[in-house]
Amino acid sequence: MGQKVNPVAFRTGIMEDWKSRWYAGKKDFADLLVEDRKIRDFIKKRKDQVGRPFYPAIAKIEIERTRDEVRVILFSARPGLLIGRKGDRVEELQDDLQKLTGRRINLKIEEITRPEIVAQLIAEDIGEQLMKRASFRRTMKKAMEMTMEAGAKGIKIQLSGRLGGAEMARCEKQIAGSIPLSTLRAKIDYGFAEAKIAQGHIGIQVWVNQGEYNDEATDITATPKPARTGRKAYRK
C-alpha cells in the first residue's frame, strides 16, 4: 500500500520512552510544548560563521521538567566539542537557553559509544558528504558498509530530490540486511536530515535495525533451567 509509519512514534510509549518527560495542566501544556520545540531548534539549527552546525553530532535531545528547573539531556558522539575547554561551551549554551526560556536550565551530556549504528548521525553524515559534492551512490554504499560492520542487523537509506543534478527529482533507495517495519520487538532507529546543495534540498531518511529489545535482558537476567533426564522426568 505504500503507507509508512515513523518507527520512533510507532514504538513510543510501548518500547521507547518519551523524549519529553513532564506533566502540566491544560493551561500550561501548549506553552511548555512550544518551549521544548524552541530548545531543540536552538541547539540543532544554530550555525557558526562558516555555516556548519555549532553543536555537531547530537543524536537526540531529551527534556525533563520539575518545579525548579528544566533538565536538558544531550546525546552526542562528540561530547568534547560540546563541553569545550574547562566547560566553556556548556556554560555558554546553558546561559543562552536560560535567556531563551526564562527558566533555570540544567544541562547533561551523554556520550554515544557506537555512533555508526545511530540513524540520525548517519543521515547527518550523508548530508555533509552530499554538500561537499560527493557521489550519492558511493556515499550511500560507504555508510551502509560501515553500519553493517559495526554490528547492525540491517539498514535502509532513501534519498529524495534532484540527485546528481538531474532536472527531475526522484528517489533512490538501498537496503542491506533485515528491516522489519511492523515488528514492535525489533529495535528500529530512524533518522532524517536535509542536504542543501546548489540544485535544491535533498531529503535523507535512514532506518537502522539494532536488534531486538529483549536481547540484552535475555542475556543478563535469564537463567536457563536444568534439563530433566531419566524416567522420573516424565512422571507426574
- Roughly how many nanometres apart are two label points built 7 Å out from the Cα toward the Cβ at Arg37 and Asp17? 2.5 nm
- Where the convex hull is taken over the Cα atoms of segment 40-102, what is its projected area averaged over directions, in nm²? 4.7 nm²
- When the label point is put 7 Å from the Cα of Ile73 along its Cα-to-beta-carbon vector, which residues of segment 102-141 have a backbone N closer than 13 Å? 107-112
- Which whole-number percent gives the relative contact order of the chain, counting Cα pairs below 8 Å spaced six or more residues apart? 16 percent
- Item | Largest-first principal axis extents of the Cα set of segment 7-111 (Å) | 40, 33, 24
- Charge dipole magnitude, Cβ of K and R +1, D and E -1 - segment 115-220, Cα centre, debye nearest 20: 620 debye
- Task: Calculate the spin-label point distance for Phe29 paired with Tyr213, positioning each point 7 Å from the Cα along the beta-carbon direction, and give it in nanometres.
- Result: 2.3 nm
- Message: What whole-number distance in Å separates the alpha-carbon centres of segment 69-112 and segment 17-40?
- Response: 19 Å
- Item | FRET efficiency, Glu194 to Lys86 (Cβ-Cβ, R0 25 Å, nearest 0.05) | 0.15
- Only Lys, Arg, Asp and Glu count, each charged at its Cβ (+1, +1, -1, -1), so figure out the dipole size of the chain about its Cα centre, rounded to 20 debye. 900 debye
- Note on the structure: Here the Cα Rg-to-2.2 N^0.38 Å ratio for segment 53-137 is 1.27
- Roughly how big is segment 36-140's charge dipole about its Cα centre, with Cβ charges of +1 (Lys, Arg) and -1 (Asp, Glu), in debye to the nearest 20? 340 debye
- Added length on full extension, which subtracts the Cα-Cα distance from 0.36 nm per residue, Asn106 to Gln158: 15.1 nm
- Of all DSSP beta bridges in the chain, what percent run antiparallel (nearest 5)? 75 percent
- If you keep only loop residues by DSSP, which GluC sites (Glu not before Pro) in segment 108-217 have at most 15 other Cβ atoms within 10 Å of their Cβ? Glu167
- Mind listing the long-range amide H neighbours of Arg104? Cut-off is under 5 Å, sequence gap 5 or more, other chains count too, H placed in the peptide plane at 1.01 Å from N. Val70
- Query: What are the semi-axes of the equivalent ellipsoid of the chain, taken as the square roots of 5 times the eigenvalues of the Cα gyration tensor, listed largest first and rounded to whole Å?
  - Reply: 35, 29, 18
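Full extension from Glu172 to Val8: what is 0.36 nm times the residue separation minus their Cα-Cα distance, to one decimal in nm?
Once the chain is fully extended between Glu172 and Val8, it gains 56.8 nm.
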- Query: What residue among Leu74, Tyr23, Ala59 has its Cα farthest toward the positive end of the dipole of segment 7-111, where the charges are +1 on Lys, Arg and -1 on Asp, Glu, each on the Cβ?
  - Reply: Ala59
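If packing is taken as the average count of other Cβ atoms within 10 Å, what order do 21-27, 66-72 fall into, highest mean first?
Taking the mean over residues of other Cβ atoms within 10 Å, the ranking is 66-72, 21-27.
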- For the pair Glu128 and Leu184, how long in nm is the line joining their label points, each one 7 Å along Cα→Cβ? 3.7 nm
- Mean residue ellipticity at 222 nm from the helices of the chain, using -39,500 (n - 2.57) per DSSP H segment of n ≥ 4 over the full residue count, to the nearest 500 deg cm²/dmol? -10000 deg cm²/dmol
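Taken together, the values in this text are just the output of simple stated rules run on the coordinates, not laboratory data. Everything quoted here is computed from the prediction, not taken from an experiment. Counting neighbours? That spans all protein chains shown, and the Cβs are built from the backbone with ideal geometry, glycine included.
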